[in-house]
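What follows is one structure encoded as structure tokens, with my remarks underneath.
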Amino acid sequence: MLKNKFKLLKTFDWKLFISLILLSLVPAIIQTIETFVISTNLSTSDIDIIGQIEWFDLIDETIRAFLIIPLYSILNKILKNYKDKFGEGVFKTLIVVFVLYAIFSIIVLIYSANLISYMNKDETNLSLVNSYLSISTIAFMIGIIVSFVNVVFVVIDKAKNIYLFLGIKTIITIISDFIVIPHFGVIGAAISNILINSILAISGVIILINEKAIQPRKFKKSDWLVLKEWGKIGVFSGLQQFIANIVYAVMIVKMVNMVSESGNYWVSNNFIWGWLLIPVFALTEIIRKDCKEGYFKLQQSNYYFITIFIIIFWCITIPLWTPFFKNIEKLENYERIFQIVIMLFPFYIPYAFQQIPDNIFIGLGKTKYNLINNCIINFIYYGIWYIIYKTNTITFNMTTIIMMFGFGMIASYIVSILEEKVLLKKEMKNLDIEEAGL
């Protein structure tokens, strides 16, 4: 039985998986170089200011959850059922994504000063934080095009395009960071991102045009059906991300700021999300793509075996983490960074496994299950912690914050498994019966 499961690994799309890992390695290498440039050119207080992007990213993630995540399901269906209209669908969805994201970003810019004041202590340089985050918002607006292009590359299964994008991104990022950050300081990090995303966005659209994967067309009344389905999926995924991020911002990021460890937490988080989770996120892209064949054709054993291999690889690399922080990133407080990472690490094991059911929900357009999970965790689990926080029942420090966050991830994984193995499986069986009856 187990031997047969291992044989199924041959059916896995290794070519695309490796391409996605390589594509993600570039931002990881870039982030490492950027951290090195920042740590050697800026002060600790400057790093804390850049660390403010941690909570600002949460707003960006929420908007992307509404706009980008549903695209996997929408574009998969267009490619499968209306292949000749795929380019037209790509063009129209790109226009909608950019316009809506720009509107949301402008609203965030208008209220950014109030958000920054709420999230920080009085002694923080709020003016500099506001300038940095305002410029970063422009980079995010351009970056949404880059994210969109990556989704299309995955859906059309063009590994060569991903490699091409990889090369472009590597060259321009290294050049930009080494020139701009030392010259402009904290603001230089945001300016660099604008330059990088602008070149990538233009390059991405050019590649889509050359591949004939995008075709300009006027909007028609019939497009409303696609937009309606997009909105239906997006409401669940966006609301789910919104609830999760609001709670994360209030319960995690704000507390981290209050214990004056925003810089340390930012660097630690960058290592986990920028390095350790690279293969996990590459796997999620494959899962979403595979979902176009239907739930019962998914080779889930492949996903679980690969996740186990990833976790084993993580454990093997632990002795290298401290030398990495000390010698590569040149961090003065490398020991503290390692302490934070090693406390967070065990909780990212269930997080890695949770990405399998969660991304099956996304690929099938069943994001209601993601929303239900988030409501349970954020309103019940974190609701209890919020009461503890407000009543001063315990004193919060970095360890307490990490434990609170970590056990929340474990609870969320349990809910996801129950949803997928009980609720989703039953729903998909009923759907198959209905379709067979037709």
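Where a number appears in this text, it was derived from the coordinates with a stated rule and is not lab data. Here the structure is a predicted model, which is why all the values come from computation and not from measurement. All Cβ positions, even for glycine, are placed from backbone atoms using ideal geometry, and neighbour counts span all protein chains on display.
Placing dummy labels 7 Å off each Cα toward the beta-carbon, the span from residue 384 to residue 326 is 4.0 nm.
Comparing 276, 40, 371 along the charge dipole axis of the chain, the residue lying farthest to the positive side is 371, per the Cβ-charge model.
Between the Cα long axis of helix 69-81 and the first principal axis of the chain there is an angle of about 20°, rounded to the nearest 10. When the Gaussian network model of the chain links Cα atoms closer than 10 Å, the mean-square fluctuations of 315, 291, 375 top out at 315.
Pairs over the 32 Å Cα-Cα cut-off, from the set 10/425; 160/330; 7/366; 218/366: 160/330.
Along its principal axes, the chain has C-alpha extents of 66, 46, 42 angstrom, given from the largest down. Largest mean-square fluctuation among 130, 397, 373, in a Gaussian network model of the chain whose springs join Cα atoms under 10 Å apart, belongs to 397.
Taking the C-alpha atoms only, the angle from helix 398-418 to the longest principal axis of the chain is near 10 degrees. If you take the charge dipole of segment 224-363 about its Cα centre, with +1 on Lys and Arg Cβ and -1 on Asp and Glu Cβ, which of 252, 320, 340 is farthest toward its positive end? Sorting the options by dipole projection puts first 252.
Given +1 at the Cβ of Lys and Arg, -1 at the Cβ of Asp and Glu and no other charges, the dipole of the chain around its Cα centre is 1680 debye to the nearest 20.
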